[in-house]
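Below is one structure, written out as structure tokens; comments come after it.
The values are calculated or read from the model by the stated rules, or taken from the named source; none is laboratory data. Since the model is a prediction, treat every value here as computed from it, not as a measurement. Reconstructed Cβ throughout: ideal geometry from the backbone, glycine too, with neighbour counts over all protein chains shown. These area figures cover heavy atoms from the full protein model, side chains too; ligands, DNA and RNA do not enter into them. Shrake-Rupley method; radii C 1.70, N 1.55, O 1.52, S 1.80 Å.
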Amino acid sequence: TPSERELVIIPASHTSLPKKKQYTEPTQMRAAIRPGFFGGNLPSLSTTQAKPIFTPSTNPNDVLVKVKSAAINPVDYKLPKFVAGPIFGLDFSGVVENVGESVTDFAIGDAVFGTTPTGSLADYTVVDTKRIAKFREEDWSFLEAAALPTAYVTSLQGLKVGKVSEGSSVLIIGASGGCGLAAVHLAKAMGADRIIAICSGKNAQLVTEAGATEVVYYNRNETLQAFFDENEGKIQCVYDAATGSGRGEEYTETSMSLLIPDSGEYVQLNGSTSVWVKGLMLKRLAQHQHLIVTDMNTADLEEVLLSLKEINVKPLMNVMPFTEEGIKEGFDLLKSRRTKGKIVFDLS
Ligand SMILES: NC(=O)c1ccc[n+]([C@@H]2O[C@H](COP(=O)([O-])OP(=O)(O)OC[C@H]3O[C@@H](n4cnc5c(N)ncnc54)[C@H](OP(=O)(O)O)[C@@H]3O)[C@@H](O)[C@H]2O)c1
């Protein structure tokens, strides 16, 4: 009942749609809602009164999407409600239900994926077309497509900043998680020669099957130290998906010593508050040290699809139902920092 759950009322749309498609205006929408004023706890599943506002004239560059699958990322539980909005989630896949007046590249019925600022863990979302791309349903399921945007586009952009190319040596820290496994796949697609994965022993087989050529266990101190000692100055790109992730993970100093002098690059996805302040203001932390801030865009989403197709790889997923229990299980797993690949919700 509304008193037990937080009920978010999103006004109904007054969209008139092209006549060619039969369309039934939804009267209710399920959505995973950030509870309370700050939204710091786990989401609760609410049934809202209607879908997000969308009209072709006031949303000229947007599309309205019926969400089929949605994936979660650590940022979903880290950002407060006043920054991230009331509905959880960025990554989604779904079908275009309506298009804004200026949209020319997308049409009603297209299967699309990307990230949305209005929340992906909901039956409908509204998103600017520059943050989405189309995919072929013959090649990708909606679940697979939803697993790709943040993890794979971040990794693609990170490996490019790291100047990874044919024959490169790449170290991927946190290799079994969402971004880590994406980086292993994409480093393989880019033709990297040495793909070294840092993960815990239990995930060695997983990262090797994904394309890692060497595995270093971070939970065996002597093994990790021996690796750092033997590889000083030998690595083109260190892609660090672990440092600053909330459990005291810290690899920055040791990583810098691994870089090939003058050309190697250290790319980190997270860090302390001072790293973020410096990274956002100066765009670069130090010489050969970079903080990645994902820039979601159509071209990179398309490049991810092409790269994965080239090496015939699909994302690894934990698929959860879009129910109160499924959402709780998914966020508990994400917060545990023990995820393998992506957590994806089935909304279909
Ligand atoms: N800057 C950006 O734009 C951006 C974009 C995306 C993500 N991020 C950030 O990047 C980080 C990774 O994101 P994600 O989605 O990949 O997270 P994730 O899927 O939750 O990562 C889980 C993985 O982290 C590994 N891990 C945990 N502790 C570790 C340690 N001490 N050393 C090495 N690996 C460790 C775990 O491996 P084991 O189970 O083997 O321990 C697990 O596979 C997060 O902090 C996230 O917020 C930033």
Query raised in the report: Using θ = phi - 60° and the Karplus form 6.51 cos²θ - 1.76 cosθ + 1.60, what ³J(HN,Hα) does each residue of segment 244-249 get, whole Hz, x for Gly and Pro?
Result: x, 8, x, 10, x, 5
Query raised in the report: In a shell of Cβ-Cβ distance under 9 Å around Met190, excluding Met190 itself, what net charge do Lys and Arg (+1) and Asp and Glu (-1) give?
Result: +1
Report task. Please report how far the C-alpha centroid of segment 72-118 lies from that of segment 189-228, rounded to the nearest whole angstrom. Result -> 33 Å
Report summary line: With every protein chain in place, the accessible area of Tyr217 for a 1.4 Å probe, in Å² rounded to the nearest 10, comes to 50 Å²
Query raised in the report: Given a cut-off of under 8 Å on Cα pairs at least six residues apart, what relative contact order in percent is computed for the chain?
Result: 16 percent
Query - Cross-link table Lys66/Lys309; Lys68/Lys130; Lys78/Lys309; Lys66/Lys202, entries beyond 28 Å C-alpha to C-alpha - result: Lys78/Lys309; Lys66/Lys202
Report task. Quick one: net charge around Asp346, please, counting Lys, Arg +1 and Asp, Glu -1 for every other residue with C-beta under 14 Å from its C-beta. Result -> -1
Requested in this report: Provide the percentage of antiparallel DSSP beta bridges, counting only those with both residues in segment 150-291; round to the nearest 5.
Outcome: 5 percent
Requested in this report: Ignoring everything but the protein chains, give the 1.4 Å probe accessible area of His288 in square angstrom, nearest 10.
Outcome: 40 Å²
Query raised in the report: Using a cut-off of 18 Å between alpha-carbon atoms, which aspartates and glutamates can reach Lys134, once sequence neighbours fewer than 8 places away in the same chain are excluded?
Result: Asp62, Asp91, Glu97, Asp105, Asp110, Glu144, Asp295, Asp300, Glu302, Glu303, Glu310
Query - Dipole axis of segment 150-291 (+1 Lys, Arg; -1 Asp, Glu on Cβ), positive-most option in Leu206, Asn221, Val267 - result: Val267
Query - For segment 208-222, 3J(HN,Hα) per residue [Karplus equation, 6.51 cos²θ - 1.76 cosθ + 1.60, θ = phi - 60°, Hz, x = Gly/Pro] - result: 5, 5, 6, x, 5, 9, 9, 10, 10, 7, 6, 8, 10, 3, 5
Report task. Just check segment 150-291 against the gyration tensor rule for me: Cα atoms, a ≥ b ≥ c as the square roots of the eigenvalues, rounded for a/c under 1.5, and otherwise prolate or oblate depending on whether a/b exceeds b/c. Result -> rounded
**Report entry** Accessible surface of Lys134 - all protein chains present, 1.4 Å probe, nearest 10 Å²
**Finding:** 90 Å²
Report summary line: With Asp300 itself left out, Lys, Arg at +1 and Asp, Glu at -1 over residues whose Cβ is under 12 Å from its Cβ give 0
Query - Contact order normalised by residue count of segment 150-291, Cα under 8 Å, 6+ apart, percent - result: 22 percent
Query raised in the report: With the Cα gyration tensor of segment 148-212 giving a ≥ b ≥ c as the square roots of its eigenvalues, does the rule (a/c under 1.5 for rounded; else a/b larger than b/c for prolate; else oblate) give rounded, prolate or oblate?
Result: oblate
Query raised in the report: For segment 326-346 and segment 132-149, what is the separation of their Cα centres, given in Å?
Result: 19 Å
Report task. May I ask you to give the percent of accessible area on segment 84-150 that is carbon plus sulfur, with a probe radius of 1.4 Å? Result -> 48 percent
Report task. Determine the percent antiparallel among the DSSP beta bridges restricted to the chain, to the nearest 5. Result -> 55 percent
Query raised in the report: Highest mean first, what order results for 223-233, 188-198 on Cβ atoms within 10 Å?
Result: 188-198, 223-233
